[in-house]
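Taking it in order: structure first as C-alpha cells, then the write-up.
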Amino acid sequence: MSAPDATRPIPVAVFGGTFDPVHHGHLRVAWEVAEQLGCEVRLLPSARPPHRAVPGADAEDRARMLELALAGQDCLSLDRRELDRSGPSYSVDTLREMREELGPDRPLIFILGADAFRALPSWHRWHELPGLAHLLAMTRPRQRLDKLDPDLHAAMVGRWTGMTERLRGEPAGRVMVLRVTPLSISSSLIRAELARGRSPRYLLPAAVLDYIQARGLYRGT
Ligand code: ATP
C-alpha cells in the first residue's frame, strides 16, 4: 500500500459490476487498485444492469457472496446502494450521490475495464462523469487505449495522467490507465461450469463456492 498522506483523506474508488458471482478476477483487480492507489475500494453490485441480461442469482445472494469474499480484510468493502434502488441504476446518478456523501474535496475514482471505457459515449449523461470522479481504465499487458471514439477523445483532452499523486490530490477530473494482472476468469465461465455439473473451485473464494452449493445457485443457467 502507498504511504498514506495524513493531510488528505484517502480516495474512495468504486468498482461496479454484476458480481454474478464474484470471483478472483474481480477481487484481484480491486486489491491491486487499492494497493497501487492507496485507496479504499467499494464493490458496487448492480440491481438491474441497464445493458445486461437478468442475472442468475438475485440481489441478496450476490450481496451475500460479496460479503463472504470480502471477509478478513478492510481495504475492500461492499456498497449496497444500487441493490436497494428500484429500476435501472446509472453510474452518473450513483457517482453524484457518492459525491454528495463524500463532500467536494475527497478524491473519488471510478474504475472501468478498458472496453467499458471505450464504450463510455453510449452511457447515460457520460459527459458528467469526469466532473464527479476520476476515471481509472484498467488494461491488460500489451492492451492499448488508442483509437478512441472522437467525442471521447475530445472529452479526455488535458485529463490524462500517469501519476497516482494527481488522483490522490484532486477530487475528480483526471483519467488514468492502470495495468492489472490478467486472470482469465469470468462469472459466465463459473455459471457454465456449474450448469454442466462441474466445479469452479479455485476460480472463486471457497466460502463463495460453499454458499453457491448450499443454496443450489446457477444449476439451471
Ligand atoms: P460475466 O461473465 O457474467 O459477463 P464478469 O465476470 O465479466 O461477468 P462483471 O460483474 O460483469 O463480471 O464485471 C464487473 C467488472 O469486473 C467489469 O468492469 C469487468 O471488466 C471486471 N472483470 C470481470 N472479470 C475480470 C477479470 N477476470 N479480471 C479483471 N477484471 C474483470
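Just so it is clear, none of the values below were taken in a lab; they were calculated from the coordinates. Just so it is clear, the model here is predicted, and its values are computed rather than measured. Quick reminder, even Gly has a Cβ in these numbers, built from the backbone with ideal geometry, and neighbours come from all protein chains shown.
Points to keep in mind about this one:
- On the beta carbon distance between residue 60 and residue 122, with R0 = 35 Å, the FRET formula returns roughly 0.70.
- Mean silhouette area of the stretch 111-173, derived from the convex hull of its C-alpha atoms and averaged over all directions, reads 4.4 nm².
- Other residues lying with their Cβ under 12 Å from the Cβ of residue 43 contribute a combined charge of 0, Lys and Arg counting +1, Asp and Glu -1.
- Its DSSP H runs of at least 4 residues, each contributing -39,500 (n - 2.57), put the calculated 222 nm mean residue ellipticity of the chain at -10000 deg cm²/dmol, to the nearest 500.
- Length gained on full extension, residue 24 to residue 198, computed as 0.36 nm times the residue gap minus the Cα-Cα distance: 60.9 nm.
- Placing +1 on the Cβ of every Lys and Arg and -1 on the Cβ of every Asp and Glu, with no other charges, gives the stretch 61-197 a dipole of roughly 520 debye about its Cα centre.
- Once both labels are positioned 7 Å from their Cα atoms along Cα-to-Cβ, the gap between residue 189 and residue 81 label points is 3.2 nm.
- Separation between Cα centres of the stretch 34-48 and the stretch 163-221, rounded to whole Å: 12 Å
- Relative contact order of the chain, pairs being alpha-carbon contacts under 8 Å that are 6 or more residues apart, as %: 24 percent
- At most 11 other Cβ within 10 Å, DSSP loop - trypsin sites (Lys or Arg not before Pro), the stretch 131-163: 142, 144, 147
- Summed side-chain charge close to residue 120 - residues other than residue 120 whose Cβ falls under 13 Å, Lys, Arg +1, Asp, Glu -1: -1
- Choice from 26, 127, 153 showing the highest fluctuation, given a GNM over the chain with Cα pairs closer than 10 Å: 153
- Taken along its three principal axes, the alpha carbon spread of the stretch 75-147 comes to 37, 28, 23 Å, from the longest extent down to the shortest.
- Of the two radii for the stretch 76-206, the radius of gyration is 1.01 times the Kirkwood radius, both from the alpha carbons; that is the Rg over Rh value.
- Label zone at residue 106, where the point sits 7 Å out along the Cα-to-Cβ direction: the stretch 162-189 residues whose backbone N lies under 20 Å: 165-174
- The C-alpha atoms of the chain define a longest principal axis, and helix 91-102 lies at about 70 degrees to it.
- Counting only Cα atoms, the stretch 148-221 measures 51, 28, 20 Å along its principal axes, largest extent leading.
- Ranked 77, 89, 186, criterion: other C-beta atoms within 10 Å, fewest first: 186, 77, 89
- Burial ordering of 181, 164, fewest other beta-carbon atoms within 10 Å first: 181, 164
- Global geometry of the chain, whether rounded, prolate or oblate, following the gyration tensor of its Cα atoms and the 1.5 cut on a/c: prolate
- Remark: 35, 40 ranked as 35, 40, counting other beta-carbon atoms within 10 Å and listing the fewest first.
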